[in-house]
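First comes the structure, then the notes that go with it.
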Amino acid sequence: MSDGQFEKSFLPDSNHTRKKRLKKRPRVAVIVTVVLVALLVLGAVAGVLYWYFTDSTNADQSGEQSGKVVRIYSGHLNLPNAQYTRQLENPETTDFKELAEKLEQVINTSCKNLDELSSYFVNSRVFDYSAGSGLMAYYMAQFEIPMEHKDILHKFSEDALKGALRRTVEVRRSFEDKKLTITQMTSSLTNPDLVMIPEDRTCYHTYHAKDTDMTFTSPGFNKDGYPNNIHCQWVLRADTDHVIYLEFLDFNTDDDCGNDFVMVHDSLSPAEDDVITKKCGKRPSSKHLSLMSSGSVMLVTLLSDENERFKGFSANFSQRVKMRECGRTLTELSGNFSTPYYPTFYPPNMNCVWTIKVLPHLKIRIKIEMIRMEEPGTRHGECTKDYLDIDGERYCGDHPLISVKIERPEAVIEFHSDESHTDKGFIGYYKAFDPRNPCPGEFLCGSGFCISTDMRCDGWNDCGDMSDERQCDCERDQFTCDNGICKPKLWMCDRVNDCGDNSDEKACECPKDHWKCQNGMCISANQSCDGHKDCEDGSDEAVCTNGVNICTEFNYKCGDGSCVNKANAECDGTKDCEDGTDEANCVPQCGVRPFKQQRIVGGTSADLGEWPWQVSLHYGRLGHACGASIISDNWLISASHCFMDQYNDPSKWLAFGGMNFQGDPLAQIRRMKQIHKHQRYNEETYDYDIALIELEAPYDLLPKVHPICLPDTSHIFPTGMSCWVTGWGAMYEGGSKSMSLQKAEVKIINDTVCSVVTEGQVTSRMLCSGYLTGAIDACQGDSGGPLSCREENGKWFLAGIVSWGEGCARKNKPGIYSRVTKLREWIREVTKL
Ligand code: 4AZ
């Protein structure tokens, strides 16, 4: 987690943040009640009034005068000599308040001893208790840093606060009353939106789990869904030495996790260090989310924003006897081991050790089919949090199949989970084998694993080390790579190294003294640029420097009717036509990235300003629905299929330019004046899937909002060329939309191959791009967005518009794009560009 994740800046002009912040303030009536009650409890008055006074005043100030950053830390204190009583569950009781006040004094003293940070301290609150080796008290401490002191932020750390608390506790220990001995304390950065002090408890429930299931639901679950702008908490407690099992039966919340999500903590404080998981979106009923706590408490939080309403969730919970230890010695010839409670999410704070010990003449194979241990904020390959250790080799994050051969009759497997973020974990299998006959009746992989003989030579890497795909007799529709692997013939000459040794791409070169046409055909070298069209597609005359005036479909035709014998002559910054029309017909400065000088499936997050022509089209309350590209200050290009039926109404759409993150307040938002769908768009075949959108008001063309160049009809995007697809679409087939703009590099695929893999479904208005091996592709929600290709002169051209595909990132199913060169004339007719 980055240090600044929960900084909340209250800037003068941000209505949104201000609204959200004010939402958390108690209403006047609540303040009055609090003050009245507080008056009865001497000593608490000053603290409570100070809390509200400072906070509400600052909320106003932040709105109108000065910005500030709020930092909240929360955690728990352990009081081994104190007793937990049911009285402490009710903040109105004297027991609750008296103890809270004493503990708040300790925390306040600590925070005031934080040297240069102390002046930013506002107040602390103890807001709940639970049983647990004596008593656990849950607290939060708030700091506010004016924007002009922002430089001090890096000095705030969890360790600084923990250190100060420890020092205060040590000083106090000599004279305090024994009941208040504090032994353990935690402190972790906390999202201010998650903190709920007793006075905020309008949607708050506390339950004690039993051995049998109990149920709770989010508000409005069986009616019109949970309301907007709510913050609800469910506190779940169990008997000592028990843990809590929670299972969401129904789960339907916003896809956008920004301000609308369910969070589960392994504590009663909503600290980042104690998060078990954060979830949003919908879950199919076949895929219940189930979780375990590590101790006897669990906190479930639901936050919603001002957008659409969702059904919410229903959940069952019960208590289970705490697992004292996990792991054991395994001596059978085969067996399995798994994370505790698999496939329920494993609990935090676990350590399991399995020792496999078999007869001395045997060796061991271990296979883990899938590991799910993703922890936000950990760097790839750095297993510092949750991990699985197999004989000294550590695994963490998400992994597909892992197979390991142990050359000894003994292996040690260790699983560790830290205090936060849990996941499904894994189930592993082991088998002892005799090295003299390791795979009776099966195929022995190089990795030492056995697989069914059917899996050999099927084109898939079943062994994990490709050994099942070597030395194969290839089938008729396959060819043999130099390294002995068989690959589908279709994958030859697609400029992707499928064999691993590039042999599938080598045989595609034309013999010496020959010239290769765009469609792969070879002609004699002296036939190119001889004034005759020898390649079927005329590409032999497209790139000629001898000045012969040949006009093929690959030559730019100037205004005066002459042709330029140079590839992609238009808008390249060089005047090639005598009349200058090759440069004059371009949108000025198109295709450059002024800002950047130097769940797309399988993509990565884009940098700010990297794709300045990318637009997010929002429909009504649905939010992002399609992508589009800026081609001039008042024209966008997108896909026709985005605007069918009720989506045809321009007044329901908004076009967000200059945006990287959904919700970026700096985006330029425009209404649509008119949507021009191609008159020949075919809903069945997706032919002519292009639409032009005229904006009600032009964009201010700034470095982050900038048009892409339209390619001329003669423009060539050769097979194998690397282009980029960008969008906020699903991260995997059936997945949810991405919050941040994703980019993925894809390759232009040969038209013949494209036609074969789509079983003839592509027309000349379509092009294929991606990988026949799958894994990287556009997906739902990317539609209408650009396929951007960079020419050698540094300019970006719109080669395609995301249109369709069979699923996403599937093998042999590349993405299909509308081919802009074939639709260029229509674009000119409609836009005059
Ligand atoms: C879609 O539904 C979609 N794999 C877009 C692109 C692709 C598939 C689906 C290509 O918007």
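The values are calculated or read from the model by the stated rules, or taken from the named source; none is laboratory data. Keep in mind the model is a prediction, meaning the values are calculated, not measured. For neighbour counting, all protein chains shown are included, and Cβ atoms are generated from backbone atoms with ideal geometry for every residue, glycine included. To get the accessible areas, we keep the full protein, side chains included, count just its heavy atoms, and leave off ligands, DNA and RNA. Shrake-Rupley method; radii C 1.70, N 1.55, O 1.52, S 1.80 Å.
Looking at region 556-606, which of its residues are open to solvent by 30 Å² or more (accessible area, probe 1.4 Å), within 16 Å of the ligand (Cβ to nearest atom) and not small (Gly, Ala, Ser)? Matches in region 556-606: Arg599 only. Inspection of region 315-334 identifies no residue that is modelled with pLDDT under 95, within 30 Å of the chain's Cα centre (by Cα) and assigned to a loop (DSSP other than H, G, I, E, B).
For region 736-757, the criterion of being out of contact with any strand residue (DSSP E or B) (no Cβ under 6 Å at 6 or more places or on another chain), open to solvent by 10 Å² or more (accessible area, probe 1.4 Å) and at positive phi is met by none of the residues. Contact annotation: residue pairs with Cβ atoms under 9 Å, 6 or more positions apart or on different chains, pairing a residue in region 788-817 that is open to solvent by 40 Å² or more (accessible area, probe 1.4 Å) and more than 9 Å from the ligand (Cβ to nearest atom) with a partner that is polar (S, T, N, Q) and at pLDDT below 95, are Arg790/Ser722; Glu792/Asn568; Asn793/Asn568; Asn793/Thr574; Lys811/Thr773; Asn812/Thr773. Scanning region 94-104 for residues that are of a type outside the set (D, E, K, R) and touching a strand residue (DSSP E or B) at 6+ places or on another chain (Cβ under 9 Å) yields Phe96, Leu99, Ala100, Leu103.
All told, Asp477 falls short of being out of contact with any His (no Cβ under 6 Å at 6 or more places or on another chain), open to solvent by 50 Å² or more (accessible area, probe 1.4 Å) and over 30 Å from Glu759 (Cβ atoms). When the residues of region 619-633 are filtered to those that are more than 16 Å from Ala730 (Cβ to Cβ) and open to solvent by 30 Å² or more (accessible area, probe 1.4 Å), which remaining residue is modelled with the highest pLDDT? Selected residue: Asp633. Of all residues in region 192-240, those satisfying the criterion of being hydrophobic (A, V, I, L, M, F, W, C), crowded, with 19+ Cβ neighbours inside 10 Å and in a strand (DSSP E or B) are Cys232, Trp234, Val235, Leu236. Among strands (runs of 3 or more DSSP E) entirely within region 677-785, having at least 2 residues that are under 27 Å from Val830 (Cα atoms) and within 16 Å of the ligand (Cβ to nearest atom) singles out 722-727, 766-770. Restricting Phe449, Phe415, Phe426, Phe433 to residues that are buried (at least 19 other Cβ atoms within 10 Å of the Cβ) and at pLDDT below 80 narrows the list to Phe449. Taking region 353-472 as the region of interest, the strands (runs of 3 or more DSSP E) fully inside it that hold 2 or more residues being outside the structural domain of Lys811 (by TED's automatic domain parsing) and closer than 30 Å to Tyr245 by Cα are 363-368, 371-373, 387-390, 393-395, 397-399, 410-417, 427-433. For region 818-833, residues that are within 14 Å of Tyr681 (Cα to Cα), open to solvent by 10 Å² or more (accessible area, probe 1.4 Å) and among the hydrophobic types (A, V, I, L, M, F, W, C) total 1.
Just to be sure, is Gly441 more than 30 Å from His288 (Cβ to Cβ), exposed (fewer than 15 other Cβ atoms within 10 Å of the Cβ) and modelled with pLDDT of 90 or more? When the stated conditions are applied, Gly441 does not pass them. Applying the condition of being within 11 Å of Val106 (Cβ to Cβ) and not small (Gly, Ala, Ser) to region 136-165 and asking which residue is modelled with the highest pLDDT yields Tyr139. If you go through region 482-493 and pick out every residue that is in a loop (DSSP other than H, G, I, E, B) and either outside the structural domain of Leu444 (by TED's automatic domain parsing) or touching an Asp or Glu at 6+ places or on another chain (Cβ under 6 Å) (or both), you end up with 4. Note on region 634-664: residues that are farther than 14 Å from Tyr619 by Cα, open to solvent by less than 40 Å² (accessible area, probe 1.4 Å) and of a type in the set (Phe, Trp, Tyr) amount to 1. Would you confirm whether or not region 726-733 contains a residue that is aliphatic (A, V, I, L, M) and under 13 Å from Gly815 (Cα atoms)? Within region 726-733, none of the residues are aliphatic (A, V, I, L, M) and under 13 Å from Gly815 (Cα atoms). Looking only at region 758-772, residues that are of a type in the set (Gly, Ala, Ser) and either surrounded by 16 or more Cβ atoms within 10 Å (Cβ to Cβ) or touching a Phe, Trp or Tyr at 6+ places or on another chain (Cβ under 8 Å) (or both) come to 2 in all.
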